[in-house]
């Protein structure tokens, strides 16, 4: 049995607007109650009795804490509503746009790439605080460099601080503004947008734009060929960097990430396997990468004849 899910964006937006109105009213009522409570406390504090003053001071402090919690909950609700609205709009777009099969082994759609999808992949590969002296990006936390964090704080009129203190909200905002939007990934179809976004994060927006320009120049109307070319350009850059002995220790990690990206972005195990074959061939052609070839064969399942 099959069915078609019909989503009306207008109804969704109406419900979300109602929730936002309720949020504002609820927050204001809590503030009004807090103001009345503080006024009563202040009035009674004028009465003699040190013990009573101490007790009412504690009550006032408690009211202040309630206000802070209400405001935090209200902000969290507002953020959740915004994400919910965005998710519904993307779902409605997915339902409106027909799937188009462009080539065997990979399916693409006319739907724009999703920030949430790209960000989920990036979170998978970007961990906590790292300060490797051989990492040319310098200290990073959740994939955000100290330089990028400084820029964000300056742009928002905030004092500079160590990237170790960055919040998850700031991380998401930086990825969205300085990588997703700045790189142009937000304007690309999937899966190209996801590949481009991850490249901007991993290699910088400038280099990612260069890869995209070259890719679209070669394959302006062939989505599968475009993805293959983009990944190949990134692979070439990794191998170029790994010729520096100080950078070679990062190569296995770079290749693992690129392999995962090939499969996750396209949703095609066949495409990922074809890309693995390309990586193995490239490593086989250069004795300098013999150690990495051994690693790839062992961990990607290319040791046996069946793997090939």
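The values are calculated or read from the model by the stated rules, or taken from the named source; none is laboratory data. Note that the coordinates shown come from a computational prediction; the quantities given were computed from them, not determined experimentally. Please note: Cβ atoms are built from the backbone with ideal geometry, for glycine as well, and neighbour counts cover all protein chains shown.
For region 133-160, give me each residue that is more than 17 Å from residue 204 (Cβ to Cβ) and without any contact (Cβ under 8 Å) to a residue 12 or more places away in the chain. 133, 153, 154, 155, 156, 157, 158, 159, 160, listed by residue number. Among the residues examined, residue 153 does not qualify as in contact with a strand residue (DSSP E or B) (Cβ under 7 Å, 6 or more places away or on another chain) and surrounded by fewer than 18 Cβ atoms within 10 Å (Cβ to Cβ).
Does region 181-202 contain any residue that is over 29 Å from residue 272 (Cβ atoms), in contact with a strand residue (DSSP E or B) (Cβ under 8 Å, 6 or more places away or on another chain), assigned by TED's automatic domain parsing to the domain that holds residue 278 and surrounded by 17 or more Cβ atoms within 10 Å (Cβ to Cβ)? Walk me through it before giving the result.
Taking region 181-202 first, the residues over 29 Å from residue 272 (Cβ atoms) are none.
There is no residue in region 181-202 that is over 29 Å from residue 272 (Cβ atoms), in contact with a strand residue (DSSP E or B) (Cβ under 8 Å, 6 or more places away or on another chain), assigned by TED's automatic domain parsing to the domain that holds residue 278 and surrounded by 17 or more Cβ atoms within 10 Å (Cβ to Cβ).
Scanning region 206-227 for residues that are within 18 Å of residue 185 (Cβ to Cβ), surrounded by fewer than 20 Cβ atoms within 10 Å (Cβ to Cβ) and in contact (Cβ under 8 Å) with a residue 24 or more places away in the chain returns 207, 209. Take the conditions (1) modelled with pLDDT of 90 or more; (2) within 15 Å of the chain's Cα centre (by Cα); (3) surrounded by fewer than 16 Cβ atoms within 10 Å (Cβ to Cβ); residue 127 misses just one of them, which is (1).
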